Structures are given as C-alpha cells and as structure tokens.
Amino acid sequence: MNPFAYTRTDDPAAAVKQVAGDPKATFLAGGTTLLDLMKLRVESPALLVDINAVPLNKIEATDGGLRVGALVSNTDLAYHAAVRKDFPALSEALLSGASPQLRNMATVGGNLMQRTRCYYYRDGISPCNKRQPGSGCAALEGFNRIHAVLGGSDQCIATHPSDMAVALVALDAVVKVRGPKGERSLKAADFHLLPGEHPERETALEHGELITAIELTRAPLATRSHYLKVRDRASFEFALASAAVALEVKEGVITAARLVLGGVATKPWRAFEAEKLLVGQKPTAAVFVAAAKAALKDAKPHKHNGFKIELAQRTIVRALTTVGGMA
Ligand code: SF4
C-alpha cells in the first residue's frame, strides 16, 4: 500500500472542501472497495477524508417515499420495513450482494461508487484503459467470460458491478450530491456513464462531489418490483446476469414497466424498447419472451461471454413472471 494522509470530519462542507481542494484526495466511508484497491495498488489516493462521522446515516420518511442517507449501511437499508414493502427490488438487490459482513460495512453511497471486478483492472499490471488511460484493454482479446455484451466500446467492456444501482434505476431513484458549487440531483439512470473513449470516468460526479442521499418515490410500479440475480455461486458473488423489473398491471393489462439489466452491461442497462413492448399487453409468457429478446437485441458477444445473451433473456422472463404472473 502506498503512503497516504488521513483525516476525519463530521462536517459535510469541510469534507467536500478538503477533497475538492486536492486532486489526489478521496472520501472514505465503509472502505469495502477502496481499501482493497489501495492494497492492490490499483488506487493510490494521497489523502483519505473519512466521512463516517458526517450525519448522513438516517432513513427518513418523506411525503412521497423515503430519503436514505448516503452512509446508511446496505444491511440497514435492505431490512428497513418500508423498503421491503414499497421497494422490494431494492431490498432483494442489496441482499443478493456481497456477504453479510460486507453489507454491514458497505454504505449506500459507496455501493454506487464501487469499481468493476474486471480481473485485468484489479491485477495492477495488465493493459487497462480504466486503470491507466491509453494502455489498452486486455479483456478484448483475453478471457472475457464476465465481461459486458451491452454498452461496451473499443476501449473497455467491463461490467458494472453494483446490484443496488440496477434496482435504483428501475425504481426511478434520485441521487442527491453536494459539491464545491452547491447541491444537485441526478437521476439514478444518469449517474453511471458508458465507457466510450474514457472508461476511467465511471460516474457523472465531479471531483469533490459527495453523495448525500438517495430519494425514493412510492409508486404502484415500485411496489410490484423484483430483482433476480444469476451467478456462479449462491452467495458472495457478482452477477453474470441480473434483472430489476417493475410492472404496474391494471385490469389484467400492463400499464407501466421498468426493465433494467445488471451483469451484462457497462452500466445499469435500462431496456427501453423492451419496456415499450410490455406496456399495453397482457402479462403472458409470449410477451415476456418478446421483451427479453428485445432487451438483448443489440448485444455484442465476445469470445467467452456469448452465453450471457440467453442467460439474460431467461433471467428477464423469470423475473417478469414473478411480478406479472400470467394472464
Ligand atoms: Fe480495463 Fe475495461 Fe479492459 Fe477490463 S475491460 S481491462 S477494466 S479497459
């Protein structure tokens, strides 16, 4: 691990000022990704600003739903009664991630900021445009079984790792941030970026901006939501394919739909075309299969990950069947 300075504060304005004022500074919350990457020498911040004492650890009811502080643990959010009742996909996504010990440490803000599990990124030596811009991408011609079939570029095909972020997009969540220029809100769907020419840039945050909260709005769609994750083993494993689905069904007809994929794309992947296919239809197996095919229509497999296309389609059909039933 490289040498670094450490400081802590309970004042969000001071934390933002300290990180914004030093290009090599970063926030430290649960540390479940950052400290691993520092030990691997993939990340080497010069200054860690510990924000664990900043008062951002409450889940509060709002007029329309919930405001979740960025320092709430993944465990506390997953088991919160209102989350389980009104936003089940979020609870399911959180409980499918990591291990109980990690969920106790990991925060909501940190979950959004976690880095890819691409092994070439984490080995610290392979060509990797995300770790070292301009060095190349070892995964394109290497072993790419866990990599993305949607949203990749000729610079990077790393999959986005978060389960929670996939559910947040399906639930139309909003991310609140505070930075040197003040506060702003981002739709969860706009928070993560496609790799394009700059895979080293993963989120829409500017340096020094601190995630302060997630806002969730209650809706019939959110109540009828579900997260299904398929992986190599049943626990402590990242998704090979996952689906966050939400349906509103009135008088036997789908009136609104959300379908967001994880494990197969470079960011939480909202399948707009598939959602359009679902709306106005009865929830039948044939409709779910058509939506699943539409969701993967533009998928581009690489040498070892072609299996993900059918796996994702089956995951979608099963998740939709769980929330939609059959007409
Ligand atoms: Fe790096 Fe992305 Fe290529 Fe993995 S897929 S080696 S993260 S550039």
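Please express the shape of the chain as an equivalent ellipsoid: the semi-axes are the square roots of 5 times the eigenvalues of the C-alpha gyration tensor, given largest first in whole angstrom.
Gyration-tensor ellipsoid for the chain: 32, 25, 16 Å.
Please turn the phi angles of segment 15-30 into ³J(HN,Hα) values with the Karplus equation 6.51 cos²θ - 1.76 cosθ + 1.60 (θ = phi - 60°), one per residue in order, whole Hz, x for glycine and proline.
Once θ is set to phi - 60°, the couplings for segment 15-30 become 4, 4, 4, 5, 6, 4, x, 9, x, 9, 9, 8, 7, 10, 10, x Hz.
Compute the helix-to-body angle for 285-295: its Cα long axis versus the longest principal axis of the chain, expressed 0 to 90° and rounded to tens.
Taking Cα atoms only, the helix is inclined about 40 degrees.
What is the ratio of the Cα radius of gyration of segment 31-96 to 2.2 N^0.38 Å, where N is its residue count, to two decimals?
In units of the globular-protein estimate, segment 31-96 measures up at 1.41.
Please work out the average accessible area per residue across the chain, using the 1.4 Å probe convention, and give it in Å².
Numbers: 14640 Å² over 327 residues.
Normalised by residue count, the accessible surface of the chain is 45 Å².
Please list the equivalent ellipsoid semi-axes of segment 1-134, computed as the square roots of five times the alpha-carbon gyration tensor eigenvalues, in descending order and whole angstrom.
29, 20, 12
Could you tell me which of the pairs Lys58/Lys176; Lys85/Lys176; Lys229/Lys300; Lys229/Lys297; Lys130/Lys293 are separated by over 25 angstrom between their Cα atoms in the structure shown? Walk me through the numbers on the way to the answer.
Values: Lys58/Lys176 14 Å; Lys85/Lys176 23 Å; Lys229/Lys300 21 Å; Lys229/Lys297 20 Å; Lys130/Lys293 30 Å.
From Lys58/Lys176; Lys85/Lys176; Lys229/Lys300; Lys229/Lys297; Lys130/Lys293, over 25 Å: Lys130/Lys293.
Can you give the charge dipole size of segment 162-251 about its Cα centre, rounded to the nearest 20 debye, using +1 on the beta carbon of Lys and Arg and -1 on the beta carbon of Asp and Glu?
Approximately 280 debye in magnitude.
Grab the DSSP H runs of the chain that are 4 residues or longer, score each as -39,500 (n - 2.57), total them, divide by all residues and round the 222 nm result to the nearest 500 deg cm²/dmol.
-8000 deg cm²/dmol
What is the percent carbon and sulfur in the accessible area of segment 1-124, measuring with a 1.4 Å probe over the protein chains and ignoring ligands? List each step's numbers first, then the result.
Numbers: 2990 of 5690 Å².
Its accessible area is 53 percent carbon and sulfur atoms.
Specify the residue with the greatest mean-square fluctuation among Phe87, Phe307, Phe288, computed from a Gaussian network of the chain linking alpha-carbon atoms under 10 Å apart.
In this elastic network of the chain, the residue with the biggest mean-square fluctuation among Phe87, Phe307, Phe288 is Phe307.
Apply the a/c threshold of 1.5 to the C-alpha gyration tensor of segment 226-270 and tell me whether it is rounded, prolate or oblate.
Since a/c reaches 1.5 but b/c is at least a/b, the shape of segment 226-270 is classed as oblate.
Classify segment 96-240 as rounded, prolate or oblate from the Cα gyration tensor: take a ≥ b ≥ c as the square roots of its eigenvalues, call it rounded if a/c is under 1.5, otherwise prolate when a/b beats b/c and oblate if not.
Here segment 96-240 falls in the oblate category.
Could you give the size of the charge dipole of the chain about its Cα centre, using +1 on the Cβ of each K and R and -1 on the Cβ of each D and E, expressed in debye and rounded to the nearest 20? Don't jump to the answer; show the numbers that get you there.
Working: 40 positive and 32 negative charges, 128 e Å.
With Lys and Arg at +1 and Asp and Glu at -1, about 620 debye.
Taking Cα pairs under 8 Å and at least six residues apart, what relative contact order does segment 16-74 come out at, in percent?
With pairs under 8 Å counted, the relative contact order is 28 percent.
Under a Cβ-only charge scheme (Lys and Arg +1, Asp and Glu -1), can you give me the dipole magnitude of segment 45-140 about the Cα centre, in debye to the nearest 20? Mind showing how you got there, number by number?
Values: 10 positive and 7 negative charges, 62 e Å.
I would put it at about 300 debye.
For Ile59, what residues show an amide H to amide H distance below 5 Å, using hydrogens built from the backbone and excluding near sequence neighbours?
Gly69
Relative to the longest principal Cα axis of the chain, at what angle does helix 307-324 sit, 0 to 90 degrees, rounded to 10?
70 degrees
Tell me the carbon and sulfur percent of the accessible area for segment 167-252, rounded to whole percent, probe radius 1.4 Å.
The value for segment 167-252 is 50 percent carbon and sulfur by accessible area.
Amide H of Arg270: which non-local residues (sequence gap of 5 or more, or other chain) have their own amide H closer than 5 Å, using H built in the peptide plane?
Leu261
Scan segment 169-258 for GluC sites (Glu not before Pro) in coil per DSSP, keeping those whose Cβ has at most 16 other Cβ atoms within 10 Å, and list them by number.
Glu197, Glu200, Glu206, Glu237, Glu251
Enumerate by residue number the chymotrypsin sites (Phe, Trp or Tyr not before Pro) in segment 147-246 meeting two conditions: DSSP loop (anything except H, G, I, E, B), and at most 13 other Cβ atoms within 10 Å of the site's Cβ.
Within segment 147-246, the qualifying chymotrypsin sites (Phe, Trp or Tyr not before Pro) (loop, at most 13 other Cβ atoms within 10 Å) are Phe236.
What's the center-to-center distance, using Cα atoms, between segment 150-168 and segment 189-256 in Å?
Between the Cα centre of segment 150-168 and that of segment 189-256, the gap is 11 Å.
Using DSSP, restrict attention to beta bridges with both residues in the chain and report what percent are antiparallel, rounded to the nearest 5.
Once the DSSP bridges in the chain are tallied, antiparallel ones form about 80 percent.
What shape does segment 128-180 take by its C-alpha gyration tensor, where a ≥ b ≥ c are the square roots of the eigenvalues and a/c under 1.5 counts as rounded, a/b above b/c as prolate, and the rest as oblate?
Working: a/c = 3.37, a/b = 1.63, b/c = 2.07.
Note, shape of segment 128-180 comes out oblate.
I'd like the distance separating the alpha-carbon centroids of segment 35-57 and segment 68-114, in whole Å.
19 Å
The values are calculated or read from the model by the stated rules, or taken from the named source; none is laboratory data. Quick caveat, the model's predicted, so the values are computed rather than measured. Cβ atoms come from the backbone with ideal geometry, glycine included; neighbour counts cover every protein chain shown. Heavy atoms of the whole protein, side chains included, go into the accessibility calculation; ligands, DNA and RNA do not. Shrake-Rupley method; radii C 1.70, N 1.55, O 1.52, S 1.80 Å.
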